[in-house]
Amino acid sequence: MCCDLKRRFLLLYATQKGQAKAIAEEIRQQAGAHGLEADMHCMSEMDKYNLETEKDPVVIVISTTGTGDPPDTARKFVKKIQDRTLPPDHFSHLQYGLLGLGDSEYTFFCNGGKTVDRRLQELGAQHFCDTGLADDCVGLELVVDPWIDGLWLALKEAFLLQKDKEGMSSSVDAVSSSLSAAPHIVHELNLSSEVQNLNLEDGGVRNSDVLTQKLVDINLVASTGDTEPSLVHSVPPVSESALNIPALPPEYIEVQFQDTHGENPHLSSLISEGTAFEVPVTKAVQLTSEDAIKTALLLELDIADTVFDYQPGDAFCVICPNNVNEVEELLQILGLSEKGEYFVCVKVKQGTKNKGATHPQHIPERSTLKFILTWCLELRAIPKKAFLRALVECTSDAGEKRRLQELCSRQGASDYTRFIRESNVCLLDLLHAFPSCKPSLNLLIEHLPKLQARSYSVSSSNLYQPGKLRFVFSIVEFPACPTRAVSRKGVCTGWLAELVAPLLHPNKNTLDAKGGSPPTEKISIFARPNNTFHLPADPSVPFMMVGPGTGISPFIGFLQHRQKLREEHTDWEFGETWLFFGCRHQHQDYLFKQLKCFLENGTLTHLKVCFSRDPSTAEVAPPKYVQDVIRLYAKEVARVLLKERGYFYVCGDKKHMADGVSDAVVDIISMEMEVDKLEAMKILAMLREAKRYLQDVWS
């Protein structure tokens, strides 16, 4: 039960990668300072709350996933409220405020939040504060922080309104007084002028022997002549400001080391949805040449002995570990190198001030320390400000402490965006940059989010190759920079590339003694079906595909499937098919030259390719990008999409390609239908709504 002196509100969150949960936890932590108690639940825990009978205000924090879908944890909730038999006054008793999270680089920005918000309004629920839509493209905190600031006054007014309705007085008066007496959401640090003027030169000199020479060489330690800010160094006005920093989040996790006996949980226990399958990697092919800028690999998985099923256009997830060297490095920094194989028991700390704290679902109750750091925690996650605030307390050097305070403060917001968020800084980067920071293990478990499985598009057809699943990816590279001491590969793509190296480059050391073949490696996968990015149900409907680079991946599955259907159903009518493909160089990263086979056997009607970096001797330079090629076929695009009611698929990079393609289609609609650009944009929006203009894109 909530404390009698504090008014309760219901706090629901729906998260895909942990951001919405982290923000909800921040709201819950701040609520106490305002005389309030947040009754917090994941939206999926529908047995723990009931909106039909809820009398107190409701605060909702919800993210968006996929192509504008609510997160998995909100699916049941959304399905329930979408019931069209519900009367329009079903939630007329409900007061709520909603904070949606999204990324404006995607077409359906914050659509998860918008869907819930719109439906609650249709069912009679009333806003007690304005809806907030936070954009991960520019920084969630730009909307999240002021939205939370305004939440407390809005809640106060909601309770006063409730008082008028219910004739309550005493408890609301307590809320009012506590709100007026409570400190601001962030507390003012009146630092002495000596601390205010601290630069990191002193800390850098004193601790330079702790840093490796490489770290020193790339200027992670500020020199006395620095006039530009960096990760470890600030300049006026930030360096001279009194700081507003977040309240220190109370610790709530307790870690107990046990023995070295036992077995770690199976990887299938790490996923909350679907079934995981451990399948062998039977084939690996490098699709790009050795001198290509990016390395693209094709992997084939044997799923014949499983019930895993898919359609062309679907995606699936790979359960991947953190880099083994990064795990060992973190253990060394934490002083726990000798404890890696010890089993640990993770519990909620008794007497914690974090009310409602629960055992993190992604942490096994018993496993080895190395298992937790390898398979459960996202070591590469960009640290949130609450984490930086907690790290302040673990830092002994005054200059380093001050800089961490700046990075999590209101005054240092732009520095946080520039040197943490945009630089993709992770925990290890911070621990190198601030060597006197020695966090505890429980702090990492509290603040590092769940290690997410990585999603990939299927690049095959089960009809064409029964029992096989193929996918294509480029190995992600993060070069060294002033905030990152060493270059890194993507968590999953780097691991997969290392795993299949014996298949790509077999030698005597890796060949099996009996059969002379490389050892078979296995990976764990689970399905993530795509409900819309599929071939038209009617094979006579024409469609166009746009997939430069690895964006071509799902379309290989499309074409394999179509070829098999043509072979099995010679009496069927099949619509025309178009593929627009592009890459940098024809002889380096033209991923599937066998596309010509689909062209020759009639599966593919039109193939249009372009190469953005190849020189041309032609009088008129050929188009460089797929969006340029599409414009050359404006009449055909308009005919297929508008007159013949065909489908248009786009797969690949969002920012540098998909937006350009949609702009080209808008221009084509405007020109061919002789309407202005605004009307053309409306027509494209209608095509999206009708699921005939479909995107599978990433940023």
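At 222 nm, what helix-only mean residue ellipticity would the chain give, in deg cm²/dmol to the nearest 500, using -39500 (n - 2.57) for each DSSP H run of four or more?
-8500 deg cm²/dmol
If one takes the longest principal axis of the Cα atoms in the chain, at what angle in degrees, from 0 to 90 and to the nearest 10, does the Cα axis of helix 141-166 lie?
It works out to around 60 degrees.
Take the Cβ-Cβ distance between Leu607 and Leu86 as r, set R0 to 41 Å, and report the resulting FRET efficiency rounded to the nearest 0.05.
So the FRET efficiency works out to roughly 0.25.
Just check the stretch 1-50 against the gyration tensor rule for me: Cα atoms, a ≥ b ≥ c as the square roots of the eigenvalues, rounded for a/c under 1.5, and otherwise prolate or oblate depending on whether a/b exceeds b/c. Please report the intermediate quantities before stating the final value.
Working: a/c = 3.93, a/b = 1.42, b/c = 2.77.
Since a/c reaches 1.5 but b/c is at least a/b, the shape of the stretch 1-50 is classed as oblate.
What does the C-alpha gyration tensor say about the overall shape of the stretch 7-163? Classify as rounded when a/c is under 1.5, otherwise prolate if a/b is larger than b/c, or oblate. Don't skip to the end; give the middle numbers.
Numbers: a/c = 1.58, a/b = 1.08, b/c = 1.46.
Judged from the Cα gyration tensor, the stretch 7-163 comes out oblate (a/c at least 1.5, b/c at or above a/b).
What number, in nm² with one decimal, is the all-direction average of the projected area of the convex hull of the alpha-carbon atoms of the chain? Walk me through the numbers before you get to the answer.
Values: hull surface 149.6 nm².
Projected over every direction and averaged, the Cα hull of the chain covers 37.4 nm².
Could you grab the relative contact order for the chain? Cα pairs under 8 Å, six or more apart, rounded to a whole percent.
On the way: 1303 pairs, mean separation 82.1, N = 699.
With pairs under 8 Å counted, the relative contact order is 12 percent.
Per residue, how much accessible surface does the stretch 543-697 expose to a 1.4 Å probe? Answer in Å², no decimals. Display every interim value, and only then the final one.
On the way: 7530 Å² over 155 residues.
Accessible area per residue, the stretch 543-697: 49 Å².
In the stretch 426-485, what percent of the accessible surface is made up of carbon and sulfur (1.4 Å probe, ligands and nucleic acids excluded)? List each step's numbers first, then the result.
Values: 1070 of 1830 Å².
That share works out to 58 percent.
Please report, largest first and rounded to whole Å, the three semi-axes of the ellipsoid equivalent to the stretch 426-486, where each semi-axis is the square root of five times an eigenvalue of the C-alpha gyration tensor.
On the way: eigenvalues 303, 61, 7 Å².
Gyration-tensor ellipsoid for the stretch 426-486: 39, 18, 6 Å.
Where does each of 100-108, 404-412, 479-487, 149-157 land if you order them by average Cβ count within 10 Å, highest first? Walk me through the numbers on the way to the answer.
Working: 100-108: 20.3, 404-412: 23.1, 479-487: 15.1, 149-157: 18.2.
The peptides rank, most packed first, as 404-412, 100-108, 149-157, 479-487.
Accessible area of the stretch 7-163 with a 1.4 Å probe: how many percent of it is carbon plus sulfur? If you can, show how the numbers build up before the last one.
Working: 3140 of 6190 Å².
So the carbon and sulfur contribution to the accessible surface is 51 percent.
Could you please state how large a percent of the accessible area of the stretch 543-697 is carbon and sulfur, counting protein chains only and using a 1.4 Å probe? All intermediate terms of the calculation are to be shown ahead of the outcome.
Values: 3800 of 7530 Å².
Roughly 50 percent, rounded to a whole number.
Does anyone have the angle between helix 111-122 and the longest principal axis of the chain? Alpha-carbon axes, 0 to 90°, nearest 10?
70
Send over a whole-number figure in Å² for the accessible area per residue of the stretch 7-163, probe 1.4 Å. All intermediate terms of the calculation are to be shown ahead of the outcome.
Numbers: 6190 Å² over 157 residues.
So the stretch 7-163 comes to 39 Å² accessible per residue, rounded to a whole number.
Listed highest first by mean packing, meaning other Cβ atoms within 10 Å per residue, what order do 74-81, 557-564 come in?
Details: 74-81: 17.0, 557-564: 22.8.
Result, highest mean Cβ count within 10 Å first: 557-564, 74-81.
May I ask for the angle, rounded to the nearest 10°, between helix 677-689 and the longest principal axis of the chain, with both axes built from Cα atoms and the value confined to 0 to 90°?
The answer is roughly 90 degrees.
Highest mean first, how do 45-54, 239-248, 454-463 rank when packing is the count of other Cβ atoms within 10 Å averaged over residues? The partial results should precede the final answer.
Values: 45-54: 12.7, 239-248: 17.0, 454-463: 22.0.
Sorting 45-54, 239-248, 454-463 by mean packing, highest first, produces 454-463, 239-248, 45-54.
The values are calculated or read from the model by the stated rules, or taken from the named source; none is laboratory data. No experiment lies behind these values; they were computed from the predicted model shown. All Cβ positions, even for glycine, are placed from backbone atoms using ideal geometry, and neighbour counts span all protein chains on display. Just so you know, the surface numbers come from the protein's heavy atoms only, side chains and all, with ligands and any DNA or RNA stripped out. Shrake-Rupley method; radii C 1.70, N 1.55, O 1.52, S 1.80 Å.
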